[in-house]
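The values are calculated or read from the model by the stated rules, or taken from the named source; none is laboratory data. Quantities reported herein were computed from a predicted structural model and do not represent experimental measurements. Virtual Cβ from ideal backbone geometry, glycine too; neighbours counted across all protein chains shown. Accessible surface areas use protein heavy atoms only, side chains included; no ligands, DNA or RNA. Shrake-Rupley method; radii C 1.70, N 1.55, O 1.52, S 1.80 Å.
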Amino acid sequence: MAREPEGGRGRDRDRDDRDSEFVDRLVHINRVAKVVKGGRRFGFAALVVVGDQKGRVGYGHGKAREVPEAIRKATEAAKRALIRVPLREGRTLHHDVNGRHGAGRVVLRAAPPGTGIIAGGPMRAVFETLGVHDVVAKSQGSSNPYNMIRATFDALEREDSPRSVAARRSLKVSALQARRQGAEAEAVDA
């Protein structure tokens, strides 16, 4: 008779450990009703954001007849669609960036330490799961949570680290950083 390895469920435990590294936030639940002969049939759609608070984040959409099942489907979809976002000092964005999706537009700005997350509902969930501590964000246009999330992800995908910019321009990172600090000094003097 085969014995299970000591300490638990074996393969399932590895999956639980991997899943436990992620934080998920429920952003929106939509209830829809289908009118049928016997009355109404309700369905639910969930929008979930998942991240590891270390620079990876994703969003997912799930539909089901029950709320927990819709949330589970959305969470799985979000884990499959993770993107990596470079962060400065692990707390903020490297540079200001704009994003858009449909009629939704967002502006994301890097912020000094201690600023906190200044952002509206759906965008706040993205930044909390991403691990950003200081950011200023503004949504313009559509306030639909789906459009706001997609516009935020569009902006985050445009975010570049100094290392990738330096590699693209065949420069050293230190030369790029020196330019940035010179520009900040000029801005303070003006």
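Applying the Karplus relation 6.51 cos²θ - 1.76 cosθ + 1.60 with θ = phi - 60° to the stretch 74-90 yields 3J(HN,Hα) values of 5, 5, 5, 5, 5, 5, 6, 10, 6, 10, 9, 10, x, 10, 8, 6, x Hz, where x marks Gly and Pro. Selection among I118, A64, G131 by position relative to the dipole of the stretch 11-155 gives A64 as farthest towards the positive end (Cβ unit charges, Cα centre).
Antiparallel beta bridges, as assigned by DSSP with both residues in the stretch 54-190, represent about 90 percent of the total such bridges. Just the protein heavy atoms count here, and of the accessible area of the chain at 1.4 Å, carbon and sulfur take up 48 percent. Averaged per residue, the stretch 92-190 has 54 square angstrom of accessible surface, using a 1.4 angstrom probe with ligands and nucleic acids left out. How far is helix 121-130 tilted, in degrees, relative to the longest principal axis of the Cα atoms in the chain, given as a value from 0 to 90 rounded to the nearest 10? Taking Cα atoms only, the helix is inclined about 80 degrees. Taking D24, D134, D189 and ordering them by how much accessible surface each has at a 1.4 Å probe, largest first, produces D189, D24, D134. Projecting the Cα atoms of A167, A187, A74 onto the dipole axis of the chain, where Lys and Arg carry +1 and Asp and Glu carry -1 at the beta carbon, places A74 farthest toward the positive end.
For the chain, the longest principal axis of the alpha carbon atoms and the long axis of helix 173-189 meet at an angle near 70°. Where is the GNM fluctuation largest for the chain (alpha-carbon springs, 10 angstrom cutoff): R109, R56, R40? Of R109, R56, R40, the most mobile in the Gaussian network model is R40. Close amide-amide hydrogen proximity is noted between G131 and Q53, each under 5 Å apart and 5 or more residues distant or on a separate chain (H modeled in the peptide plane; Pro and chain starts excluded). Put a plus charge on the Cβ of each Lys and Arg, a minus charge on the Cβ of each Asp and Glu, and nothing anywhere else: the dipole of the stretch 39-190 about its Cα centre is then about 620 debye. The Cα atoms of the stretch 131-190 define a convex hull whose projected area, averaged across directions, is 6.3 nm². Each principal axis of the Cα cloud of the chain was evaluated for its coordinate range; sorted largest first, these ranges are 71, 54, 31 Å.
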